[in-house]
Amino acid sequence: MNSLTLGNYYPGNSLLHKIDPRIKLSLSLVFMIGIFFLDKPLSLGVYALGILVLILISRIDALTILKQVRPVIFFSIFAFIINIFSVPGDVLARLGPLQITREGLITGFLMMSRLILLVIGSSLLMTLTTTSLLLADSIESLLSPLKVVKVPVHDIAMMISIALRFIPTLADEADKIMKAQSARGANYDTGKFFDRIKGMVTILIPLFVSAIKRAEDLAVAMESRCYRGDMERTKYKPLKLQTRDIVFLIVALLFMTGVLLIQFLL
């Protein structure tokens, strides 16, 4: 778990790091929605080319990008296996009552590709190139119209920011607990299924206790600093759209429009 990078910020001075976080958050949502309409190799290939361009612009090394995909490898493989056996079509091989079809292989590969591209794209536009503080400010700014109907926008943004911030912290804590329990002879990764479940209790209980303690310490620290939400608060670096942000938004939207046209017209 110490290699988990979800929620981590990758410091840099690239163009993608400098783009307004509101633009990146909005585009990540557009890309997340758009990729679920893509089920053709050509449209997915063009989409993957766009993700590759984002990687080059961000100047983030390949190892960090691969670490983003690592947590979803199991789900990708599971989706691939389910599709190759469940999608009807031309039979390529039989395994007892199960059959592998050509259409299943294609569908499974496309499903796995969409999931991996989704994770990489959202990570590039949000957590890897945007600090948790800027991400919270962008969420608050985008949801600000809801203040008219008394929605606690600032509190929602703060909760999301804190949750993202503590994902890697709790992952490191879980890794330390697992090593400590292994040193004490705890057995949670061998034996029967229910034995493993019982063994995981020795990890989950200390982890929950640690998380609650951290939450309590954070609440005390915020109260001691007289934190009162967004009441009469100013920002050290207010968000301002610049020309590069507008250009980046237009180019990204044109790219996504082109990908969708390839999907539905070709």
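Annotations
- Among the criteria (1) out of contact with any Leu (no Cβ under 9 Å at 6 or more places or on another chain); (2) touching a residue at least 60 places away in the same chain (Cβ under 8 Å), the one PHE109 does not fulfil is (2).
- Cβ separations smaller than 9 Å between residues 6+ apart or across chains give the following pairs from segment 198-216 residues that are without any contact (Cβ under 8 Å) to a residue 40 or more places away in the chain to residues that are hydroxyl-bearing (Ser, Thr, Tyr): LYS198/TYR188; GLY199/TYR188; GLY199/THR190; MET200/TYR188; VAL201/TYR188; THR202/TYR188; ILE203/TYR188.
- When residues of segment 220-251 are limited to those that are part of a helix (DSSP H, G or I) and at pLDDT below 85, the one surrounded by the most Cβ atoms within 10 Å (Cβ to Cβ): MET222
- Test: ILE116 is in contact with a helix residue (DSSP H, G or I) (Cβ under 9 Å, 6 or more places away or on another chain), hydrophobic (A, V, I, L, M, F, W, C) and surrounded by fewer than 19 Cβ atoms within 10 Å (Cβ to Cβ): yes
- Qualifying positions in segment 57-70 - farther than 16 Å from SER113 by Cβ, touching a Ser or Thr at 6+ places or on another chain (Cβ under 9 Å) and not charged (D, E, K, R): ILE57, SER58, ILE60, THR64
- Annotation: of all residues in segment 7-49 being surrounded by fewer than 20 Cβ atoms within 10 Å (Cβ to Cβ) and among the basic types (Lys, Arg), the one that is farthest from ILE250 (Cα to Cα) is LYS40.
- Here PHE36 clears all of (1) closer than 30 Å to GLY104 by Cβ; (2) at pLDDT 90 or above; (3) not aliphatic (A, V, I, L, M) except the condition numbered (2).
- Among the residues of segment 63-85, just one is surrounded by 15 or more Cβ atoms within 10 Å (Cβ to Cβ) and among the basic types (Lys, Arg), namely LYS67.
- Considering LEU56, LEU115, LEU124, LEU105, the condition of being modelled with pLDDT of 85 or more, in contact with a strand residue (DSSP E or B) (Cβ under 9 Å, 6 or more places away or on another chain) and of a type outside the set (D, E, K, R) is satisfied by LEU105 alone.
The values are calculated or read from the model by the stated rules, or taken from the named source; none is laboratory data. This structure is a prediction, so every number in the text was calculated from the model and none was measured. Heads up, the Cβs are rebuilt from the backbone with ideal geometry, glycines too, and the neighbour counts pull from every protein chain shown.
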